[in-house]
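Engineer: The structure under discussion is supplied below as C-alpha coordinates; questions concerning it will follow.
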Amino acid sequence: MTVLILDDRWPTLIPLEAHGRIENPVTFTGEVPISVRWNFDSLISGEDVTGRGTLVTTDPDDPEVLARAGRGEHVIEAQSRRDPVRRSVEVMRRAVSLGEWEAGQTHESLLPYLEEEAAEFAEAVRSGAGDTELRRELGDVYLQILFHAEIASRRGAFDFADVAQSFVDKLRSRAPYLFDGTTLPVGVDEQNRLWAEGKQAEKNAITGR
(Lines give C-alpha, C1' and ligand atoms only; values in the text may rest on other atoms or scores of the structure.)
Protein backbone atom coordinates (compact mmCIF):
# COMPACT_ATOMS: atom_id res chain seq x y z
CA MET A 1 0.00 0.00 0.00
CA THR A 2 1.93 2.97 -1.30
CA VAL A 3 1.16 6.46 -2.58
CA LEU A 4 3.83 7.80 -4.92
CA ILE A 5 3.74 11.58 -5.45
CA LEU A 6 5.80 12.67 -8.46
CA ASP A 7 6.94 16.16 -9.40
CA ASP A 8 4.62 17.40 -12.14
CA ARG A 9 7.55 19.28 -13.70
CA TRP A 10 9.55 16.07 -14.18
CA PRO A 11 7.07 13.22 -13.68
CA THR A 12 9.30 10.63 -15.36
CA LEU A 13 11.93 11.02 -12.60
CA ILE A 14 10.99 8.28 -10.15
CA PRO A 15 12.36 8.68 -6.59
CA LEU A 16 14.94 6.07 -5.63
CA GLU A 17 12.93 5.29 -2.49
CA ALA A 18 10.11 3.97 -4.69
CA HIS A 19 12.17 1.10 -6.10
CA GLY A 20 11.09 -2.13 -4.46
CA ARG A 21 7.90 -0.57 -3.07
CA ILE A 22 5.78 -0.40 -6.24
CA GLU A 23 3.27 -3.25 -6.19
CA ASN A 24 0.33 -4.23 -8.36
CA PRO A 25 -2.27 -3.08 -8.89
CA VAL A 26 -0.75 0.24 -9.99
CA THR A 27 -3.30 3.01 -10.49
CA PHE A 28 -2.90 6.63 -11.54
CA THR A 29 -4.77 9.82 -10.85
CA GLY A 30 -6.16 11.40 -13.99
CA GLU A 31 -3.50 14.05 -14.59
CA VAL A 32 -0.51 11.68 -14.70
CA PRO A 33 0.90 11.75 -18.26
CA ILE A 34 0.66 8.68 -20.49
CA SER A 35 4.44 8.72 -20.90
CA VAL A 36 4.79 8.03 -17.17
CA ARG A 37 2.24 5.19 -17.15
CA TRP A 38 4.03 3.35 -19.95
CA ASN A 39 7.24 3.07 -17.93
CA PHE A 40 5.90 1.50 -14.76
CA ASP A 41 5.85 -2.19 -15.69
CA SER A 42 9.61 -2.52 -15.17
CA LEU A 43 9.36 -0.99 -11.69
CA ILE A 44 6.74 -3.32 -10.24
CA SER A 45 8.19 -5.48 -7.49
CA GLY A 46 5.22 -7.75 -6.78
CA GLU A 47 1.57 -7.97 -5.83
CA ASP A 48 0.01 -6.20 -2.86
CA VAL A 49 -2.01 -8.76 -0.92
CA THR A 50 -4.42 -6.05 0.28
CA GLY A 51 -5.43 -5.33 -3.31
CA ARG A 52 -4.76 -1.61 -2.93
CA GLY A 53 -1.36 -1.63 -4.58
CA THR A 54 0.33 1.63 -5.54
CA LEU A 55 -1.33 4.92 -6.40
CA VAL A 56 0.79 7.23 -8.58
CA THR A 57 -0.01 10.93 -8.74
CA THR A 58 1.39 14.42 -9.27
CA ASP A 59 -1.46 15.98 -7.26
CA PRO A 60 -1.07 15.62 -3.48
CA ASP A 61 -4.50 17.21 -2.99
CA ASP A 62 -6.37 14.62 -5.07
CA PRO A 63 -9.19 13.18 -2.89
CA GLU A 64 -8.02 9.58 -3.37
CA VAL A 65 -4.46 10.55 -2.44
CA LEU A 66 -5.68 12.30 0.72
CA ALA A 67 -7.90 9.36 1.64
CA ARG A 68 -5.16 6.77 1.24
CA ALA A 69 -2.59 8.88 3.06
CA GLY A 70 -5.16 9.41 5.81
CA ARG A 71 -5.48 5.64 6.21
CA GLY A 72 -1.76 5.52 6.95
CA GLU A 73 -0.49 4.18 3.66
CA HIS A 74 3.19 4.71 2.97
CA VAL A 75 3.71 7.98 1.08
CA ILE A 76 6.77 8.53 -1.10
CA GLU A 77 7.19 12.07 -2.40
CA ALA A 78 9.73 13.24 -4.96
CA GLN A 79 12.18 15.38 -3.01
CA SER A 80 12.18 18.00 -5.77
CA ARG A 81 8.62 18.87 -4.73
CA ARG A 82 10.05 20.29 -1.50
CA ASP A 83 12.16 22.81 -3.39
CA PRO A 84 11.42 26.19 -1.72
CA VAL A 85 11.36 27.96 -5.08
CA ARG A 86 8.66 25.60 -6.33
CA ARG A 87 6.73 26.00 -3.08
CA SER A 88 6.92 29.79 -3.29
CA VAL A 89 5.41 29.70 -6.80
CA GLU A 90 2.64 27.39 -5.58
CA VAL A 91 1.88 29.61 -2.59
CA MET A 92 1.63 32.68 -4.81
CA ARG A 93 -0.66 30.80 -7.23
CA ARG A 94 -2.94 29.89 -4.35
CA ALA A 95 -2.81 33.43 -2.98
CA VAL A 96 -4.07 34.85 -6.26
CA SER A 97 -6.67 32.08 -6.56
CA LEU A 98 -8.08 32.42 -3.04
CA GLY A 99 -7.46 36.02 -2.02
CA GLU A 100 -9.91 38.62 -3.28
CA TRP A 101 -7.36 41.42 -2.93
CA GLU A 102 -4.63 39.48 -4.73
CA ALA A 103 -6.98 38.49 -7.54
CA GLY A 104 -7.76 42.15 -8.22
CA GLN A 105 -4.17 43.31 -8.63
CA THR A 106 -2.44 44.27 -11.89
CA HIS A 107 1.13 45.09 -12.85
CA GLU A 108 0.23 48.77 -12.53
CA SER A 109 -1.48 48.51 -9.14
CA LEU A 110 1.48 46.61 -7.70
CA LEU A 111 4.12 49.12 -8.78
CA PRO A 112 4.02 51.14 -5.52
CA TYR A 113 4.69 47.95 -3.53
CA LEU A 114 7.61 46.95 -5.76
CA GLU A 115 9.12 50.41 -5.42
CA GLU A 116 8.56 50.40 -1.66
CA GLU A 117 10.10 46.96 -1.12
CA ALA A 118 13.12 47.76 -3.30
CA ALA A 119 13.63 51.01 -1.39
CA GLU A 120 13.39 49.22 1.95
CA PHE A 121 16.04 46.71 0.90
CA ALA A 122 18.29 49.54 -0.26
CA GLU A 123 17.83 51.31 3.05
CA ALA A 124 18.62 48.10 4.95
CA VAL A 125 21.90 47.78 3.05
CA ARG A 126 22.82 51.43 3.59
CA SER A 127 22.05 51.25 7.29
CA GLY A 128 24.24 48.20 7.79
CA ALA A 129 21.37 45.86 8.64
CA GLY A 130 22.19 42.30 9.69
CA ASP A 131 21.80 39.24 7.51
CA THR A 132 18.42 38.30 8.98
CA GLU A 133 16.93 41.65 8.04
CA LEU A 134 18.54 41.62 4.59
CA ARG A 135 17.09 38.17 3.93
CA ARG A 136 13.66 39.32 5.05
CA GLU A 137 13.75 42.43 2.87
CA LEU A 138 14.93 40.42 -0.15
CA GLY A 139 12.04 38.04 0.50
CA ASP A 140 9.68 41.00 0.19
CA VAL A 141 11.22 41.93 -3.18
CA TYR A 142 10.98 38.28 -4.24
CA LEU A 143 7.28 38.28 -3.38
CA GLN A 144 6.76 41.09 -5.85
CA ILE A 145 8.56 39.16 -8.60
CA LEU A 146 6.41 36.11 -7.89
CA PHE A 147 3.26 38.26 -7.94
CA HIS A 148 4.02 39.87 -11.31
CA ALA A 149 4.98 36.51 -12.82
CA GLU A 150 1.72 34.94 -11.61
CA ILE A 151 -0.32 37.79 -13.08
CA ALA A 152 1.45 37.32 -16.42
CA SER A 153 0.96 33.55 -16.25
CA ARG A 154 -2.79 33.96 -15.88
CA ARG A 155 -3.03 35.85 -19.14
CA GLY A 156 -0.84 33.28 -20.88
CA ALA A 157 2.14 35.60 -21.38
CA PHE A 158 4.95 34.07 -19.30
CA ASP A 159 5.48 32.47 -15.90
CA PHE A 160 8.10 32.45 -13.15
CA ALA A 161 10.20 29.81 -14.93
CA ASP A 162 10.28 32.03 -18.02
CA VAL A 163 11.53 34.92 -15.88
CA ALA A 164 14.28 32.69 -14.49
CA GLN A 165 15.18 31.57 -18.02
CA SER A 166 15.39 35.19 -19.18
CA PHE A 167 18.04 35.74 -16.49
CA VAL A 168 20.06 32.75 -17.73
CA ASP A 169 19.69 33.87 -21.36
CA LYS A 170 20.91 37.37 -20.52
CA LEU A 171 23.97 36.09 -18.69
CA ARG A 172 24.71 33.65 -21.51
CA SER A 173 24.74 36.61 -23.89
CA ARG A 174 26.59 39.13 -21.73
CA ALA A 175 28.84 36.90 -19.61
CA PRO A 176 29.70 33.92 -21.85
CA TYR A 177 32.61 32.94 -19.59
CA LEU A 178 30.02 31.60 -17.14
CA PHE A 179 29.04 28.91 -19.66
CA ASP A 180 32.16 28.08 -21.72
CA GLY A 181 34.18 26.27 -19.06
CA THR A 182 36.30 29.27 -18.05
CA THR A 183 37.97 28.65 -14.69
CA LEU A 184 40.28 31.65 -14.26
CA PRO A 185 39.00 34.99 -12.93
CA VAL A 186 37.78 37.40 -15.61
CA GLY A 187 39.01 40.98 -15.34
CA VAL A 188 36.68 43.96 -15.08
CA ASP A 189 37.74 45.38 -18.46
CA GLU A 190 36.96 42.08 -20.17
CA GLN A 191 33.66 41.82 -18.34
CA ASN A 192 32.68 45.31 -19.46
CA ARG A 193 33.65 44.55 -23.07
CA LEU A 194 31.66 41.31 -23.17
CA TRP A 195 28.68 42.92 -21.47
CA ALA A 196 28.60 45.74 -24.03
CA GLU A 197 28.99 43.32 -26.92
CA GLY A 198 26.22 41.10 -25.64
CA LYS A 199 23.91 44.04 -25.07
CA GLN A 200 24.54 45.33 -28.59
CA ALA A 201 23.94 41.87 -30.07
CA GLU A 202 20.61 41.66 -28.24
CA LYS A 203 19.63 45.11 -29.56
CA ASN A 204 20.59 44.11 -33.11
CA ALA A 205 18.52 40.95 -32.83
CA ILE A 206 15.49 42.98 -31.78
CA THR A 207 15.86 45.54 -34.56
CA GLY A 208 16.83 42.95 -37.18
CA ARG A 209 20.15 44.62 -37.94
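The values are calculated or read from the model by the stated rules, or taken from the named source; none is laboratory data. Since the model is a prediction, treat every value here as computed from it, not as a measurement. Every residue, glycine as well, gets a Cβ built from its backbone with ideal geometry; the counts of neighbours run over all protein chains shown.
Engineer: Which one of ASP8, ASP62 is closer than 18 Å to ALA161 by Cβ and free of Cβ contacts under 8 Å to residues at least 60 places away in the same chain? Show your work before the answer.
Structural biologist: Details: ASP62 fails: closer than 18 Å to ALA161 by Cβ.
Sole residue among the options that is closer than 18 Å to ALA161 by Cβ and free of Cβ contacts under 8 Å to residues at least 60 places away in the same chain: ASP8.
Engineer: Take region 166-184 and flag every residue that is exposed (fewer than 13 other Cβ atoms within 10 Å of the Cβ) and not aliphatic (A, V, I, L, M).
Structural biologist: SER166, PHE167, ASP169, PHE179, ASP180, GLY181, THR182, THR183
Engineer: Hey, another quick one. List every residue pair whose Cβ atoms lie under 6 Å apart, where the two residues are 6 or more positions apart in sequence or sit on different chains, the first residue falls within region 77-99 and is touching a residue at least 60 places away in the same chain (Cβ under 8 Å) and crowded, with 16+ Cβ neighbours inside 10 Å, and the second residue, located anywhere, is among the aromatic types (Phe, Trp, Tyr) and assigned to a helix (DSSP H, G or I).
Structural biologist: These pairs meet every condition: VAL89/PHE160.
Engineer: For region 25-76, enumerate the residues that are surrounded by 13 or more Cβ atoms within 10 Å (Cβ to Cβ) and among the charged types (D, E, K, R).
Structural biologist: ARG37, ASP48, ARG52, ASP59, ASP62, GLU64, ARG68, GLU73
Engineer: For region 2-24, which residues satisfy the criterion of being in contact with a His (Cβ under 8 Å, 6 or more places away or on another chain) and surrounded by 18 or more Cβ atoms within 10 Å (Cβ to Cβ)? Give the derivation first.
Structural biologist: Looking only at region 2-24, we keep the residues that are in contact with a His (Cβ under 8 Å, 6 or more places away or on another chain), and these are 2-3, 21.
THR2, VAL3, listed by residue number.
Engineer: Suppose we filter region 100-147 for residues that are exposed (fewer than 14 other Cβ atoms within 10 Å of the Cβ) and either at pLDDT below 95 or polar (S, T, N, Q) (or both); how many remain?
Structural biologist: Final tally of qualifying residues: 4.
Engineer: Being in a loop (DSSP other than H, G, I, E, B) and touching a Ser or Thr at 6+ places or on another chain (Cβ under 8 Å) is the filter here; which residues of region 46-62 pass it?
Structural biologist: Pass one, region 46-62, residues in a loop (DSSP other than H, G, I, E, B): 48-53, 58-62.
ASP48, GLY53, THR58, ASP59, ASP62, listed by residue number.
Engineer: Scan region 18-45 residue by residue and report those that are under 16 Å from GLU73 (Cβ atoms), touching a Leu at 6+ places or on another chain (Cβ under 9 Å) and not in a loop (DSSP other than H, G, I, E, B).
Structural biologist: ALA18, VAL26, THR27, PHE28
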